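Trainee: Submitted below is the structure of interest, expressed as structure tokens.
The values are calculated or read from the model by the stated rules, or taken from the named source; none is laboratory data. Because the structure is a prediction, the values reported are computed rather than measured. For neighbour counting, all protein chains shown are included, and Cβ atoms are generated from backbone atoms with ideal geometry for every residue, glycine included. Side chains are part of the model used for accessible areas, which takes the heavy atoms of the whole protein and leaves out ligands, DNA and RNA. Shrake-Rupley method; radii C 1.70, N 1.55, O 1.52, S 1.80 Å.
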Amino acid sequence: MSSSDIFIGETIGTALLTLLGGGVCAALTLKSSKARGAGWLAITFGWGFAVLIAAYVSAPLSGAHLNPAVTVGIAVKTGEWGDVPVYFAGQLLGAMLGAVLMWVTYYGQFAAHLADPENIKDAKLGPEDPHPHDVAGPVLGIFSTGPEIRNVVQNMATEIIGTFVLVLAILTQGLQDDGKGLGVIGVLITSFVVVGIGLSLGGPTGYAINPVRDLGPRIVHALLPLPNKGGSDWGYSWIPVAGPLVGALLAGGLYNIAFA
């Protein structure tokens, strides 16, 4: 795979991932959406199908990593780090593009939702949230993740554990022997793994398990001209980046010890 193929594939794939994944969050959250209030099952399966579609589209070009944590886990397994920056760049750009496309798709719903006083309420500050500008806004959860209980150790552990499960599953059963990434069956298996993680481990933090899935849309949330959107919760933003990367390193290390 050339660097250009990797960059294009990861950009397209991660854009589809965040478009469809963010889209299901918007569909369940926003006023005047037909799917409003559909529930957690819809979220988990929506993200699982987002992974499925994005991976099938991008696999021929880049191997469908779509996630810096997956890229790191594969690099730990193979010892090949040369293309990691290219993967990261495509993934971050794609995540931002997908978030913008999701906003365009739900433009009218965002406007209606943020114009309704009932939907604009300041979040209560907890003991670990001393900075008002870091409090999540009324639609931030559509773009990025956030904890139900703010506890740095627990939130970090949750993201590490969830990503560890994801990356270990990919390393052990989702990769082709030629090293090009997910095979046909591996894509399907990984999509179900994402659904399973969401159902079982997603409750505490919303299971980012992917640094760019959280960071890219969070940047877009901060930049978009959304009235009454509230803060982007930058005080929490490092956890869904650092936690998945740590989880990926641990999964890659375990693979090399137990399976290599």
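Trainee: Within segment 35-61, which residues have the backbone N less than 13 Å from the label spot 7 Å out from Asp116 along Cα→beta-carbon, could you tell me?
Mentor: 35-38
Trainee: If you take semi-axes √(5λ) of the Cα gyration tensor in Å from the coordinates, which of (i) 28, 19, 18; (ii) 30, 20, 16; (iii) 35, 22, 16 do you get?
Mentor: (ii)
Trainee: While we're looking at this one, here's another question. 7 Å from Cα along Cα→Cβ at both Val84 and Val153: what's the point-to-point distance in nm?
Mentor: 2.9
Trainee: When only DSSP loop residues count, what trypsin sites (Lys or Arg not before Pro) in segment 1-101 have their Cβ near at most 14 other Cβ atoms within 10 Å? Walk me through the intermediate numbers first.
Mentor: Details: sites: Lys31, Lys34, Arg36, Lys77; in loops: Lys31, Lys34, Arg36.
When the trypsin sites (Lys or Arg not before Pro) of segment 1-101 are filtered for loop state and at most 14 Cβ neighbours within 10 Å, Lys34, Arg36 remain.
Trainee: Quick one: ranking Ile74, Ile8, Ile257 by accessible area, 1.4 Å probe, largest first, what do you get? Intermediate results must be reported in sequence, preceding the final value.
Mentor: Values: Ile74 25, Ile8 80, Ile257 145 Å².
Accessible-area ranking of Ile74, Ile8, Ile257, largest first: Ile257, Ile8, Ile74.
Trainee: Also, I was wondering about something else. So which chymotrypsin sites (Phe, Trp or Tyr not before Pro) in segment 74-116 end up in coil per DSSP with only 12 or fewer other C-beta atoms within 10 Å?
Mentor: Working: sites: Trp81, Tyr87, Phe88, Trp103, Tyr106, Tyr107, Phe110; in loops: Trp81, Tyr106.
Here the chymotrypsin sites (Phe, Trp or Tyr not before Pro) that fit, given the DSSP loop and packing criteria, are Trp81.
Trainee: What FRET efficiency comes out for the pair Ser200/Trp234, r = Cβ-Cβ distance, R0 = 22 Å, nearest 0.05?
Mentor: 0.15
Trainee: Run the accessible area of the chain with a 1.4 Å probe and give the carbon-and-sulfur part as a rounded percent.
Mentor: Numbers: 7680 of 11410 Å².
Summing carbon and sulfur atoms, their accessible area is 67 percent of the total for the chain.
Trainee: Another question about this same structure. Given the Cα-Cα distance of Leu224 and Trp40 and 0.36 nm per residue of separation, how much length would full extension add, in nm?
Mentor: 63.6 nm
Trainee: While we're looking at this one, here's another question. Give the accessible surface of segment 73-121 per residue, rounded to a whole number of Å², with probe radius 1.4 Å and ligands, DNA and RNA excluded.
Mentor: Normalised by residue count, the accessible surface of segment 73-121 is 51 Å².
Trainee: Next question. For segment 1-50 and segment 84-99, compute the distance between their C-alpha centroids and round to whole Å.
Mentor: Cα centres, segment 1-50 to segment 84-99: 14 Å.
Trainee: For segment 186-260, which chymotrypsin sites (Phe, Trp or Tyr not before Pro) are in a loop by DSSP, counting at most 16 other Cβ atoms within 10 Å?
Mentor: Details: sites: Phe192, Tyr207, Trp234, Tyr236, Trp238, Tyr255, Phe259; in loops: Tyr207, Trp234, Tyr236, Trp238, Phe259.
Of the chymotrypsin sites (Phe, Trp or Tyr not before Pro), the ones in loops of segment 186-260 whose Cβ has at most 16 other Cβ atoms within 10 Å are Trp234, Trp238, Phe259.
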